Amino acid sequence: QVQLVESGGGLVQAGGSLRLSCATSGIIFRFYTMTWYRHAPGQQRALVASITSDSTTNYGDSVKGRFTISRDNAKNTVILQMNRLEPEDTAVYYCNARLEYDDYWGQGTPVTVAS
């Protein structure tokens, strides 16, 4: 059974930092492209950051220079380090694992940034 479990969300003041983790099981993690998405109330789901199996990264324009995605293939985990958080970063953050026709999602972790 495939599981993606996000953790690390919470309430933080603007300018602060949070570190999100997504622990996976049931997949051969090192082959998967891992992506963080976020979904804010009244908005469409948006790509935050992705990292491929060869650790090529891609970031949404609004988080470039503030967020960093990384992966630990030994721990089957992907990390999103979020710095200089802004109220506009408030959303539920979801972890996604994708490989060809495989597409798996976590349950999400909420992030609230207070101004």
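General observations
- In the complete set of protein chains, residue-level accessible area for Ser55 is approximately 60 Å², probe 1.4 angstrom.
- Restricting segment 66-115 to chymotrypsin sites (Phe, Trp or Tyr not before Pro) that sit in a DSSP loop and have at most 16 other Cβ atoms within 10 Å of their own Cβ leaves Tyr101.
- Residues whose amide H falls under 5 Å from that of Ala49, counting only those 5 or more places apart or on a different chain, are Trp36, Gly60, with hydrogens built in the peptide plane.
- Residues in segment 66-81 carry Karplus couplings, in order, of 10, 10, 9, 9, 8, 9, 10, 5, 5, 9, 6, 10, 10, 10, 10, 8 Hz; the curve used is 6.51 cos²θ - 1.76 cosθ + 1.60 with θ = phi - 60°, and Gly or Pro positions show x.
- Within segment 26-41: backbone nitrogen closer than 11 Å to the Asp72 label point (7 Å, Cα to C-beta): none
- Segment 29-70 shape via C-alpha gyration tensor axes, a/c threshold 1.5: oblate
- With every protein chain in place, the chain: carbon and sulfur % of accessible area (1.4 Å): 47 percent
- You can think of it this way: the chain between Thr112 and Arg98 has 2.4 nm of extra reach, that is 0.36 nm per residue less the Cα-Cα gap.
The values are calculated or read from the model by the stated rules, or taken from the named source; none is laboratory data. Nothing here was measured: the structure is a model prediction, and the numbers come from that model. With ideal geometry, Cβ positions are generated from the backbone for all residues, glycine too; neighbour counts draw on all protein chains shown. Side chains included, ligands, DNA and RNA excluded: accessible areas come from the protein's heavy atoms. Shrake-Rupley method; radii C 1.70, N 1.55, O 1.52, S 1.80 Å.
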